[in-house]
Amino acid sequence: MPEPYDVITMGRIGVDIYPLRSGVPLSQVDTFGKFLGGSPANVAVAGARLGRRTAVITRTGRDAFGEYLHHQLREFGVDDRWVSDVEEYPTPVTFCEIFPPDHFPLYFYRQPKAPDLEIRLPELDLAAVRAARIFWMTGTGLSAEPSRTSTLAALRARDPGTGGAGTAGPAAASGLRTATVFDLDWRPMFWDDGDHGSVAPARYREALAHATVAVGNLDECEIATGEREPYAAARALLAAGVELAVVKQGPEGVLAVHRDGTAVEVPPLPVRVVNGLGAGDAFGGALCHGLLAGWETERIMRYANAAGAIVASRLACSSAMPYPYEVEQALADGAVTSGGGAAPETGATP
């Protein structure tokens, strides 16, 4: 069998269409940039930028945008062997508006159905998923069939309690070296019952039982656990089955609580925010990098915070993912400086 991947991600992909001017509503924008998008795809790019061997499991339309995404994945060093096309659905596109420092509305065009929700179980390479050092999936993949069944099957393949080989293992003194990560990724517009239904929380609980790491902001943690207070949410995620709960708190920083009782809170890194979208994906790729390296939890969180802050200082998402030297420089400086060393204005945690 080929050498296992460091990171395999699964789920959403699309084309991000971002205005090249900030502070302007879409109705007045006349120039745009085109970028690879979708959280799992961006996490794979972020991991590749940090030197990890990554791949993504997803589907595109059989169209020019689908071809573009294949090209971009390969350009970024992400293996696209498990990116197949769907003839009947177009590749999704997403528009955004950019109003720094904290208002970035998104407009998803995923009708009548996104191809990445057509990932089918017979097409999954479960042996590769099982062997990967880290498997990363998201809440969006649970929102519709056949993606839901396929995502849960991939999780079960990783879980020794359900017959999978299992990758969690006991935590090393310096942290988890392998993981099954559930990015809570709550997008109510992708679910039939939106914010008010009971389906999403039930699906989240089902997935959490097979994951070893959960990552989400306060809104996402509330959907998954019913808890919004950070420590209560972290404890609820641990009770649901994970070994490490990562709760992102925006300007309050990030909280990470391990089942062994370790808890760390890391403040945000100062940054002049250009576009906050994509910062969480950079955080995710850096989180994977730190877990694979076996770092202690606090070091992982600081590194991931820095990676996310760097992307927040840039316009794009995928192409903005940082290289290791950039993260190390931000950590050494204690802030992200951009535009020739402009003074940072705000703190940002993805």
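The values are calculated or read from the model by the stated rules, or taken from the named source; none is laboratory data. Because the structure is predicted, anything quoted here is derived from the model rather than measured. Don't worry about glycine lacking a Cβ; one is built from the backbone with ideal geometry, like all the others, and counts go over all protein chains shown. Ligands, DNA and RNA are stripped out before the accessible areas are found, and what is left, the full protein with its side chains, is counted by its heavy atoms. Shrake-Rupley method; radii C 1.70, N 1.55, O 1.52, S 1.80 Å.
Among ALA286, ALA232, ALA179, whose mean-square fluctuation peaks in a Gaussian network model of the chain (Cα, cutoff 10 Å)?
Maximum fluctuation in the GNM of the chain, among the listed residues, is at ALA232.
Percent of alpha carbon pairs in region 2-79 separated by more than 14 Å?
On the way: 1902 of 3003 pairs.
Roughly 63 percent, once rounded to a whole number.
Would you mind telling me the share, in percent, of accessible area of region 17-109 contributed by carbon and sulfur at probe 1.4 angstrom? It would help to have the intermediate numbers written out before the result.
Values: 1940 of 4120 Å².
With neighbouring chains kept in place, the figure for region 17-109 is 47 percent.
Using a 1.4 Å probe, how large is the accessible area of CYS288, given in Å² and rounded to the nearest 10?
Roughly 0 Å² of CYS288 is accessible to a 1.4 Å probe.
Distances over 22 Å make up what percent of all Cα-Cα pairs in region 258-344?
On the way: 782 of 3741 pairs.
Looking at region 258-344, the distances longer than 22 Å represent 21 percent of pairs.
With all protein chains present and a 1.4 Å probe, how do ARG12, ARG205, ARG130 order by accessible area, largest first? Could you put the intermediate results ahead of the total?
Values: ARG12 20, ARG205 130, ARG130 80 Å².
I get ARG205, ARG130, ARG12, largest accessible area first.
At most 13 other Cβ atoms within 10 Å plus a DSSP loop assignment makes a site exposed; report the longest stretch of the chain without any exposed GluC sites (Glu not before Pro).
That would be 89-344.
Heavy-atom accessible area per residue, region 1-61, 1.4 Å probe: how many Å²?
On the way: 2000 Å² over 61 residues.
Accessible surface, normalised per residue, equals 33 Å².
Looking at region 16-61, which trypsin sites (Lys or Arg not before Pro) are in a loop (DSSP not H, G, I, E or B) and have at most 15 other Cβ atoms within 10 Å? Don't skip to the end; give the middle numbers.
On the way: sites: ARG21, LYS34, ARG49, ARG52, ARG53, ARG59; in loops: ARG21, ARG52, ARG53.
Those that pass, being in a loop and sparsely packed, are ARG21.
Rg to Rh for the chain: what is it, with Cα atoms only and Rh by Kirkwood?
Values: Rg = 18.6 Å, Rh = 19.8 Å.
Here Rg/Rh amounts to 0.94.
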